[in-house]
1. Out of (1) at pLDDT below 90; (2) over 23 Å from Gln104 (Cβ atoms), the odd one out for Asp87 is which?
2. Kindly indicate whether any position in the stretch 101-114 is open to solvent by 60 Å² or more (accessible area, probe 1.4 Å), among the hydrophobic types (A, V, I, L, M, F, W, C), assigned to a helix (DSSP H, G or I) and free of Cβ contacts under 8 Å to residues at least 24 places away in the same chain.
3. Any residue in the stretch 78-100 that is touching a residue at least 60 places away in the same chain (Cβ under 8 Å) sitting within a Cβ distance under 9 Å of a residue that is open to solvent by 80 Å² or more (accessible area, probe 1.4 Å) and in a helix (DSSP H, G or I)? List the pairs, counting only those 6 or more apart or interchain.
4. How about the stretch 81-95: which of its residues are open to solvent by less than 70 Å² (accessible area, probe 1.4 Å) and either assigned to a helix (DSSP H, G or I) or in contact with a Lys or Arg (Cβ under 9 Å, 6 or more places away or on another chain) (or both)?
5. Counting only residues that are open to solvent by 70 Å² or more (accessible area, probe 1.4 Å), without any contact (Cβ under 8 Å) to a residue 40 or more places away in the chain and hydrophobic (A, V, I, L, M, F, W, C), how many does the stretch 31-73 have?
6. Do we find that Ala135 is small (Gly, Ala, Ser) and surrounded by 13 or more Cβ atoms within 10 Å (Cβ to Cβ) in this structure?
Amino acid sequence: MPLGAVYEVSKEWRLGADLCDMWTSSDVLCCTASILHLVAIALDRYWAVTDIDYAHQRTARRIGYMIIIIWTLSVLVSIAPLLGWKDPEWETRVYQDLQCIVSQDVGYQIFATASSFYVPLLVILFLYWRIFLAARKRIRRRQQTISGFTDCFIKEQQQSQQQ
């Protein structure tokens, strides 16, 4: 945040290429991790709704593994520009135009956007759709059970009144 504030106020990047790399990579890292945590929450909810025994399977170790996977994937997405996946104009932008933005390489942009937004979005939508279907199925089953009990109760009442 402090680097972003300096950049916003001054309207130019005078902190050098290394700090620009660190700042943009940490921004991508945190944004990606945040979105992937939403995927993990959706996955946890899906398992809780569809797997009766899931409460016993939800252990600290399993949750720890999920967190490790999330942060590993996030690091892989954010570290790519640090390893050289940058557009050819990156240095010109930082040193001459005094702009600090994420690599504009088309391949990296597609990779980062897909893995940090579009794929997680599709996974979350799919999981919540499946949760919706499972919940609707349970509600219908419960309503059928209740109506079956009600029908039995009414028949018993009618029989007792006839006697």
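The values are calculated or read from the model by the stated rules, or taken from the named source; none is laboratory data. This is a predicted model, so every value here is computed, not measured. Cβ sites come from the backbone with ideal geometry, for glycine too, and all protein chains shown count toward neighbours. Ligands, DNA and RNA are excluded from the accessible area calculation, which covers all protein heavy atoms including side chains. Shrake-Rupley method; radii C 1.70, N 1.55, O 1.52, S 1.80 Å.
1. (2)
2. For the stretch 101-114, residues open to solvent by 60 Å² or more (accessible area, probe 1.4 Å), among the hydrophobic types (A, V, I, L, M, F, W, C), assigned to a helix (DSSP H, G or I) and free of Cβ contacts under 8 Å to residues at least 24 places away in the same chain: present.
3. The qualifying pairs are Leu82/Met22.
4. Listed by number, the residues that qualify are Pro81, Asp87, Trp90, Thr92, Arg93, Val94.
5. Number of matching residues: 9.
6. It is false that Ala135 is small (Gly, Ala, Ser) and surrounded by 13 or more Cβ atoms within 10 Å (Cβ to Cβ).
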